[in-house]
Amino acid sequence: MEARRAEELLARAERAEAEKLRLITVHKDLELEFDLGNLLATDRNPPTGLRQWSGPGLEAQLRALARDNVQLLINQLWQLPSERVEEAVVARLPEPSLRLPREKPLPKPRPLTRWQQFAQLKGIRPRKKTSLVWDEASKQWRRRWGYQRARDDTKEWLIEVPGGADPNEDQFAKRLQAKKERVAKNELNRLRNIARAHKVQLPSQGGMHPTGYQSRDELGKAMQVAKVSTASVGRFQERLPKEKPPRGPGRKRQFQPNIGDFAAEKKSQLELIRIMNSKKPRMDVTRATNKQMREEDREEAAKKRKVAKGRGGKRKGRPPGPGGKGKGGPPGPGRKRKGGPPLLGGRKGQRQGGKRRK
Amino acid sequence: MRPLTEEETSTLFQKLSKYIGENIQLLVDRPDGTYCFRLHKDRVYYVSEKILKLAVNISREKLVSLGTCFGKFTKTQKFRLHITALDYLAPYAKHKVWVKPGAEQSFLYGNHVLKSGLGRITENTNQYQGLVVYSMADVPLGFGVAAKSTQDCRKVDPMAIVVFHQADIGEYVRHEDTLI
């Protein structure tokens, strides 16, 4: 009885061992390729076992496949040399054999900065300098530039006033100011280099740097530009009480040259005169009416003379005197007329005018 | 100094033609030399080419006058004829007025000519025609504008204005500083 039980136990133990082995051993036609540095296992076996690619059994089959491959990978990991690091058993991975491709594209070469262009042109090579310099004043080695540098002129406690300077000027403040300006200039150049690298169009600074020695015109121009550089392009900018509105950038008038072609000038002027004369009306209504009035005056005067002389006079009409209506005649006595000139104008006047023109 | 533009030339010629009619071409096209009009500080100068070439060498601020000043352009671009143009316009005048000796002095002081002072007037003068005013001795006295046509002049009463005063030679004394 006990022997039988012992046999059963042994058999059970064997079966359990086999089970365990079976669990951890996976049979593959083709061996897997391992890249333990990337924890990568590549399975090149054709998936013939997976007959049904659709249906409920697919999920279970895929899971079994994944479990087998992972099992093989872990088996490989257990074969690596292990070490103990702070109460944990750790396997040291080898170098990865598969080189992963780039995530991002290669960076484009940056354009050279102004100094780099100049140095290239002149052939200037960077000279190696020591990083520490001996500072005599503090008797220690100090860095060449930066925090607590060797020769910092803003940190001096005594500055001699130079010969030609104003005695009331603050030399310490002057040095600090100069330092600030250098820093600002450096920053400006750095930003300009970046802008050039990113091909950003910088607005041209034609004479608008505040130098302190700008002329009146330059200041005026800078003021104009500043006025227009608002969100509304200068539309709602206030003006000083007596300031005139700015002239728009209209086109300048062009004139003929002073001593140009005199003949051409003469010709164009004569042409102008000719056109002017041709535009005047040939038939001037007022002149016509005046002529008509004169005629009628003459006729009336002739009639009156006839009546005054009676029928004795042989001459039918008095012929017009040589200077009678000309320049020499004194103004005649005022006479009242019944019909004014508007009645005489028109047909009668035109007829007379036609007659006279001969 | 610059030549006149088209509009300025036409304004000038229209004004001149009121006084001398189509005789302007005798001013423009002269047989005895090339004369031209130039604008300097809003004044129109009639100058010969020879003098012009000399005047070009003087700077704008220093140049006072050149040739003969005919008149000036006002701020609103109207042309005003000055008395200095009389010597050139009097010989070509189309319409003339002769003034009696009594009214002569009144005209030379800048007053208008009344009917009582009117000696003679050319025939066919329209109203508002440009005139050259003469004394009875045929001495040109100045410019005027006819207030009435010749016909109306005969009928109007003696105290009415017949010629509006435009310019007279008395201005040489009265407006000495503004006349160039």
Sites removed, the longest contiguous part of chain B containing no DSSP-loop GluC sites (Glu not before Pro) with at most 12 other Cβ within 10 Å is B:62-175
What share of all Cα pairs of segment A:1-147, in percent, falls into each consecutive 10 Å distance bin? 8, 16, 17, 15, 13, 11, 9, 7, 4, 2, 0
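Please report, in debye to the nearest 20, how large the charge dipole of segment B:2-88 is about its Cα centre when each Lys and Arg carries +1 at its beta carbon and each Asp and Glu carries -1 there. If you can, show how the numbers build up before the last one.
Working: 15 positive and 10 negative charges, 92 e Å.
Result for segment B:2-88 is approximately 440 debye, rounded to the nearest 20.
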In a Gaussian network model of chain B with springs linking alpha carbons closer than 10 Å, the residue among B:LEU27, B:LEU54, B:LEU16 that fluctuates most is B:LEU54
If a/c stays under 1.5 just call it rounded; otherwise compare a/b with b/c (prolate if a/b is bigger, oblate if not). Do that for segment B:78-134, with a ≥ b ≥ c from the square roots of the Cα gyration tensor eigenvalues. oblate
Just to confirm a number: summing +1 for Lys and Arg and -1 for Asp and Glu over residues other than B:GLN14 whose beta-carbon lies under 12 angstrom from that of B:GLN14, what do you get? +3
Rounded to two decimals, what ratio of Rg to Rh does segment B:95-175 give with C-alpha atoms and a Kirkwood Rh? 0.94
Options B:PRO101, B:LEU114, B:PHE164, ranked by Cα towards positive dipole end of segment B:95-175, top entry (Cβ charges): B:LEU114
Please give the charge dipole size of segment A:1-105, origin at the Cα centre, charges +1 on K and R Cβ atoms and -1 on D and E Cβ atoms. Round to the nearest 20 debye. 320 debye
Over segment B:95-175, calculate the relative contact order: mean separation of alpha carbon pairs under 8 Å at least 6 apart, over the residue count, as a percent. 35 percent
Would you please name the GluC sites (Glu not before Pro) within segment A:31-108 that are DSSP coil residues with at most 13 other C-beta atoms within 10 Å of their C-beta? A:GLU31, A:GLU86, A:GLU87, A:GLU103
Based on the Cα atoms of the protein assembly as shown, what semi-axes does the equivalent ellipsoid have, where each is the square root of 5 times one gyration tensor eigenvalue, given in whole Å with the largest first? 115, 43, 21
Residue pairs, from the table A:LYS280/A:LYS304; B:LYS15/B:LYS96; A:LYS266/A:LYS291; A:LYS185/A:LYS252, whose Cα atoms sit over 27 Å apart: A:LYS280/A:LYS304; A:LYS266/A:LYS291; A:LYS185/A:LYS252
Binned Cα-Cα distances of segment A:262-305, short to long, each 10 Å bin given as a whole percent: 24, 23, 19, 16, 12, 6, 0
Cleavage-rule hits, GluC sites (Glu not before Pro), segment A:123-181, DSSP coil, Cβ neighbours within 10 Å at most 16: A:GLU136, A:GLU156, A:GLU160, A:GLU169
Simple spin-label estimate for A:ASN277 and A:LEU58 in nanometres, 7 Å along Cα-Cβ: 10.7 nm
Out of segment A:211-279, which trypsin sites (Lys or Arg not before Pro) are coil in DSSP terms and have no more than 14 other C-beta atoms within 10 Å? A:ARG235, A:ARG239, A:LYS242, A:ARG247, A:ARG251, A:LYS252, A:ARG253
Which whole-number percent gives the relative contact order of segment B:24-142, counting Cα pairs below 8 Å spaced six or more residues apart? 18 percent
Compute the helix-to-body angle for B:6-20: its Cα long axis versus the longest principal axis of chain B, expressed 0 to 90° and rounded to tens. 30 degrees
List A:PHE255, B:PHE37 from most exposed to least, where exposure is judged by having the fewest other Cβ atoms within 10 Å. A:PHE255, B:PHE37
Just need log10 I(q)/I(0) for chain B at q = 0.10, 0.11, 0.14, 0.19 Å⁻¹, Debye formula, equal scatterers on the alpha-carbon atoms, no solvent, rounded to two decimals. -0.42, -0.50, -0.78, -1.26
Rank the residues B:HIS175, A:HIS198, B:HIS82 as a footprinting-exposure proxy: fewest other Cβ atoms within 10 Å of their Cβ go first. A:HIS198, B:HIS175, B:HIS82
Divide by every residue of the protein assembly as shown the summed helix terms, -39500 (n - 2.57) for each DSSP H run of at least 4, and state the resulting mean residue ellipticity at 222 nm, rounded to the nearest 500 deg cm²/dmol. -11500 deg cm²/dmol
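Read-outs: derived from the displayed coordinates by stated rules, not from any lab. Keep in mind that what you see is a predicted model, and the values were worked out from it rather than measured. As a convention, Cβ positions derive from the backbone with ideal geometry for all residues, glycine included, and neighbour counts pool all protein chains shown.
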